[in-house]
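Structure first, commentary second.
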Amino acid sequence: MSPKKNNQDFKGVRVLVVGLGVHGGGVATVKWLVRQGAIVRVADVLGRDRLAESINQLKGLAVTYHLGAHQATDFRWAERVVVNPAVSPMMPALVQAEKSGMSVDNEASLFVERFPGTIIGVTGTRGKTTTTLLLGSIVQLANKNSIISGNVREVAMLDYLPKTTKQTIAVLELSSYQLERLPVVGHPVHVGIMTNLKVDHLNRHRSMTEYAQVKYRMFGGQTIADVAVLNYDDLYCRRLAKKTAAHVLWFGRHVPKTGHAISVRTGWVRERVSGKWKNIVPLSAWSLAGEHNVMNLLAAVAGARAMQIAPAKITQAVRSFNGVPHRQECVQIYRGHQCINDTAATSPDGTQAALAVFPNGVFIVGGTDKALDMEPLARDIVRRNVQIVVLPGTATEKLMVALQRFQYRRPLPRVLSMASAVAAAIAITLPGQPIVLSPGAASFGLFIHEFDRGEQFVKCIKALP
């Protein structure tokens, strides 16, 4: 393993941060670079009004801004580039910078290269946040010197970095966008977990093959000393097992007949080691509904066992885990209606998972297209005869075409705001029906991001008379 960087490599260096963003990661990156003594310039296609909150957090720092468009002169000025994950790696100026030999990093690669402890990385299409937060809570019970970060709305990775030691364990959720700058040579993710791989982000990754290759980057550089925790029920995970040099720990409803595995047997999450099964966690300790959440439980338990955490600690954390904000979260009971915030369902299969849990709900769906097929979701809506309210967007138009093809017979209220969506859903609910925000699409256009969408839903629900 290569020695960890001491951060002096940025002192006095001209660094261009491409994309400040509105999620907070860009802010943390800029602050960290300034602390390292870098000369920082921020470039973003968004204007100062959209970035006002982020810029305000950087008030008083020696940072210059070029906003509203990316300029070639910024890249010629820079000695190094740090890119926000939201910025496409195919941006021409970025591609040219890499071709010229310029170092291009993102927050994740900067962290991995400098973090002195043990890294547990969680990726996948669905379930990675639930898996990350559950596993993080297990790890924190076993080792107080641990952090939970990455693609979760908590503390940014680089904000944690100065306080970490060789004994620190980092549990990181890593999106495909963050993985584009990994692996860092000589700095593998010690325990890598892949929850599943489903069709998503094809507006960014041009094919499922390309999407899979980006996800596989988290496992790049692993050796037999590391662990790859993989879902045996998922085709892309089984393919990955043939590529990694790491020890493979399988999880799933189905697992190979031999080898290290975590599965469900007779009401227990059980582990097979050296051909023998032993009980780890009773399923009755797990409170989250849905088959997808059983798989999240298995993934987290497998990650914990990869770290050799005792079953008693695992069970304690599982019993106290109440779920994740914005993911099938019951925010209020309004006149007998469960109000469910599932805004993190940004792809059709996420909404299909919610349909399985709340089959009699009134669903608020729709938004911006990510080049995904809406027909499976439309077919599921028609098959279940679910009443929906639709938000505007390009994905919504694709869904409408598919619903018509499958002869959807219910009224289709189309609204232009979250307040109107909640009002329309309330108007058509029957007694006891849940109201579920589960869009199955991205949020861009009507909302700042998916969390803004969820927060607006919660605000509208809590404002009901």
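No value in this document is a laboratory result; all are computed from the given coordinates. No experiment lies behind these values; they were computed from the predicted model shown. Ideal geometry is used to build each Cβ from the backbone, glycine not excepted, and the neighbour counts take in all protein chains shown.
A few points about this structure:
- Table column - 3J(HN,Hα) (Hz), region 9-14, Karplus curve with 6.51, -1.76, 1.60, x for Gly and Pro: 5, 9, 5, x, 8, 7
- Proximity of backbone amide H atoms, modeled 1.01 Å from N, is registered between residue 268 and 283 at under 5 Å, excluding neighbours fewer than 5 places apart on the same chain.
- Label assignment, Rg and Dmax of the Cα atoms in Å derived from the structure, set [x] 22.6, 65; [y] 22.1, 72; [z] 20.5, 63: [x]
- Beta bridges assigned by DSSP with both partners in the chain are antiparallel in approximately 25 percent of cases.
- In order through region 289-298: 3J(HN,Hα) via Karplus (6.51 cos²θ - 1.76 cosθ + 1.60), integer Hz, x for Gly, Pro: 7, x, 4, 4, 6, 5, 5, 4, 4, 4
- Vicinal HN-Hα couplings computed from phi for region 88-98 (Karplus, 6.51 cos²θ - 1.76 cosθ + 1.60; Hz; Gly/Pro x): 5, x, 8, 4, x, 5, 5, 4, 5, 4, 5
- Residue (of 220, 248, 208) at the positive-pole extreme of region 162-292, dipole from beta-carbon charges: 248
- Region 161-311: antiparallel DSSP beta bridges as a percent of all, rounded to 5: 50 percent
- For the cross-link pairs 215/257; 144/166; 128/198; 31/128; 99/370, the ones whose C-alpha atoms lie over 21 Å apart are 215/257; 31/128; 99/370.
- Around the amide H of residue 39, modelled in the peptide plane, lie the amide H atoms of 12, 13, 14, 15, all under 5 Å away and 5 or more residues distant in sequence or on another chain.
- Cα-based shape type of region 12-105, given that a ≥ b ≥ c are square roots of the gyration tensor eigenvalues and the cut on a/c is 1.5: oblate
- Rounded to 5, the percent of DSSP beta bridges in region 329-462 classed as antiparallel: 35 percent
- Charge dipole of the chain about the Cα centre (unit charges at C-beta), most positive-ward option of 412, 422, 103: 103
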